[in-house]
Amino acid sequence: MPKSTVPDIREHKGAIGSKRLVMITAYDAPGARMVDEAGADMILVGDSLAMVVLGYEDTLQVTVEDIAHHTAAVSRTKPEALIVADLPWLSYHISIEETVKNAAKLIRAGANAIKLEGGRRRIPMIEALLSAEIPVMGHIGLTPQSINAMGGFKVQARDTKGATDLVSAAKALEHAGCFAIVLEGVPSQVASMVTTSVNIPTIGIGAGPECDGQVLVLHDLLGFEKKITPKFVRSYAQFHVEGVSALSEFISDVRNGSFPSEDESYFLSSETSEELGLYGAM
Ligand code: KIV
């Protein structure tokens, strides 16, 4: 399969059934290989890195250097999927110059596009990125980098004003030149309104089934942690449970002397054993 490109993704607007877009996060080489082999259209090196890999409580702690480091690991696997890297908090809020320089670090690390959070207020930054030939994916609704301003991870756009503001933010992002928009944590009907109002794909997370595609966090999908996940997450595996059980078996095999076996060990030749006076050794 050829490498997925930004124009390919844009063409999925209005796609249904098997053509719906799928984006899954990955932060390292084995994760990226799994996501790519499974056939996702896009790999997102999300700032969720902070919470699912680095152990922080929110996404605000992660830096451009962290995202670049993990983007490079994903990129080394040469996936067919388009690599989208998140611009972390404060990397695109201070000045246009800093925004473009920070995005360039992610492109040089191997990203094909960047994603940033927010609506109209981000337009000058988005225009500057596009004029530096950096494709931009928008992200509106529940934007985790606004956790303090929003007062927590709360579903957004639940009233008439919220819904119409979201539609107008999506139109502004489309007009500025974003090639796709993530819609996070909004009622299904509002996601549907946004999706029919713009000519670029919407990728939903906690935004119902009527978006042009869906995104989920790899570690949630595979059950890497034994924890309660939000209701929009569907876990398809229980890696934590299976991992703990495999590791406990290993620990018990070491302690009961059954690991390593002869098949799992190396031995001297009989001549060398003899020369060393190790009679009886294999
Ligand atoms: O960082 C991330 O994983 C994201 C997705 C939740 C869309 O932004």
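Compare S18, S235, S168 in a GNM of the chain, Cα atoms joined below 10 Å, and give the one with the largest fluctuation.
Judging by the Gaussian network model, the answer is S18.
About the Cα centre, and with charges only on the beta carbon of Lys, Arg (+1) and Asp, Glu (-1), how big is the dipole of the chain? Nearest 20 debye, please.
Numbers: 24 positive and 35 negative charges, 338 e Å.
Rounded to the nearest 20 debye, it is 1620 debye.
Work from the charge dipole of the stretch 1-157 (Cβ charges, +1 for Lys and Arg, -1 for Asp and Glu, about the Cα centre) and give the residue of P79, A29, L49 farthest towards its positive end.
Of the options given, the answer is P79.
Using the basic label-point model (7 angstrom from Cα toward the beta carbon), what is the S245 to R120 distance in nanometres?
5.4 nm
Using a basic spin-label model with each label point 7 Å from the Cα along Cα→Cβ, how many nm lie between E37 and E264?
A separation of 2.2 nm, rounded to one decimal place.
Taking the number of other C-beta atoms within 10 Å as the exposure measure, put C178, C211 in order starting with the fewest.
Lowest count first: C211, C178.
In cubic angstrom, how much convex hull volume per residue do the alpha carbon atoms of the stretch 99-227 span?
126 Å³
Compute the signed sum of charges (Lys and Arg +1, Asp and Glu -1) over the other residues within less than 9 Å, Cβ to Cβ, of P144.
Charge balance in the 9 Å sphere: -4.
Going by how many other Cβ atoms sit within 10 Å of their own, how do M51, M23 line up, fewest first? Can you show the working numbers first?
Numbers: M51 19, M23 26.
Fewest to most other Cβ atoms nearby, the residues stand as M51, M23.
Under a GNM of the chain (C-alpha, springs under 10 Å), which listed residue has the highest mean-square fluctuation: V244, V167, V100?
Largest GNM mean-square fluctuation: V244.
If all Cα-Cα distances of the chain are sorted into 5 Å bins from 0 onward, what percent lands in each bin, rounded to whole numbers?
1, 6, 11, 15, 17, 15, 11, 5, 3, 3, 3, 3, 2, 2, 1, 1, 0, 0
For the chain, what is the calculated [θ] at 222 nm in deg cm²/dmol (nearest 500), taking -39500 (n - 2.57) for each run of four or more DSSP H residues and dividing by its residue count?
-11000 deg cm²/dmol
With the dipole of the chain worked out from charges on the C-beta (+1 for Lys and Arg, -1 for Asp and Glu) around the Cα centre, which of S258, L173, L216 lies farthest toward the positive end?
Sorting the options by dipole projection puts first L173.
Modelled label-to-label distance, S95 and R255, 7 Å Cα→beta-carbon offset: nm?
5.9 nm
Can you tell me the relative contact order of the chain? Whole percent, Cα pairs under 8 Å, sequence separation 6 or more.
Values: 515 pairs, mean separation 42.9, N = 282.
Relative contact order comes out at 15 percent.
For the stretch 109-124, in order, what is each residue's ³J(HN,Hα) by Karplus, 6.51 cos²θ - 1.76 cosθ + 1.60 with θ = phi - 60°, in whole Hz (x at glycine and Pro)?
In residue order, the calculated couplings are 6, x, 6, 9, 7, 10, 10, 9, 9, x, x, 3, 4, 8, 4, x Hz.
Pick out which of K161, K115, K19 has the largest mean-square fluctuation in a Gaussian network model of the chain, springs linking Cα atoms closer than 10 Å.
Residue with maximal mean-square fluctuation among K161, K115, K19: K161.
Eight or more residues apart or on different chains, and alpha-carbon atoms under 19 Å: count the Lys pairs in the stretch 6-237 matching that.
Lysine pair count for the stretch 6-237: 9.
Determine the dipole magnitude for the stretch 132-259: charges of +1 sit on the beta-carbon of Lys and Arg, -1 on that of Asp and Glu, nothing else is charged, the reference point is the Cα centre, and the result goes in debye to the nearest 20.
In total the dipole reaches around 380 debye.
From a point 7 Å beyond the Cα of T164 in the direction of its Cβ, which residues of the stretch 182-197 have a backbone N at a distance under 15 Å?
194
All of the numbers you see were taken from the coordinates with simple rules; none came from a lab. Computed from a predicted structure; not experimentally measured. Reconstructed Cβ throughout: ideal geometry from the backbone, glycine too, with neighbour counts over all protein chains shown.
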